[in-house]
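Just so it is clear, none of the values below were taken in a lab; they were calculated from the coordinates. Every value quoted in this text rests on a predicted model; they were computed, and no experiment measured them. Cβ placement follows ideal geometry from the backbone for every residue including glycine, while neighbour counts extend to all protein chains displayed.
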Amino acid sequence: MKSPQILPALPLFLLGLITVVHGQSCTSGQLYCGYALENMGWSKNDLIVIVTNDLDPSQGAIDHPGHALYQCLDSEEEVFYVGYCNQGCDAQGDGYDDICNGK
């Protein structure tokens with residue numbers, strides 16, 4: 001009796017393991033605020049993983065990944081952590097690098 005209850009849930013469980021959000025395409029080499037990447041499809045958790053994989057992650061960026069700066073890689077679907085914007089990050093719009101406030 002318990003097997004029929006587990007089996008219908010199994011495909012949903014497997015779907016969760018297969019579904020990974022990489023975000024939408026970004027412009028190769030361009031700098032992005034974390035919140036801009038979230039608006040493009042990356043999740044907050046995706047950004048936290050990127051920050052924690054850095055050799056010198058900032059606790060501020062882990063706590064507030066939307067206020068960190070990231071750069072799009074050549075693949076146009078992957079980004080790497082550049083640094084944390086202590087005074088917030090300012091999106092400059094399409095075609096322009098985002099910047100940290102106060103610089």
Self-check item: Simple spin-label estimate for Gln59 and Asn86 in nanometres, 7 Å along Cα-Cβ
Solution: 1.5 nm
Exercise. Classify segment 22-100 as rounded, prolate or oblate from the Cα gyration tensor: take a ≥ b ≥ c as the square roots of its eigenvalues, call it rounded if a/c is under 1.5, otherwise prolate when a/b beats b/c and oblate if not.
Key: oblate
Self-check item: Förster radius 35 Å - calculated FRET efficiency between Glu77 and Ile99 (Cβ-Cβ, nearest 0.05)
Solution: 0.95
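All other residues with a Cβ under 9 Å from the Cβ of Pro65 taken together, and with Lys, Arg as +1 and Asp, Glu as -1, what is their net charge?
Numbers: positive: Lys44; negative: Glu38, Asp46, Asp63.
Residues near Pro65 contribute -2 overall.
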Quiz item: Whose amide H sits under 5 Å from the amide H of Gly88, counting only residues 5 or more places off or on another chain, with H placed in the peptide plane?
Solution: Asn101
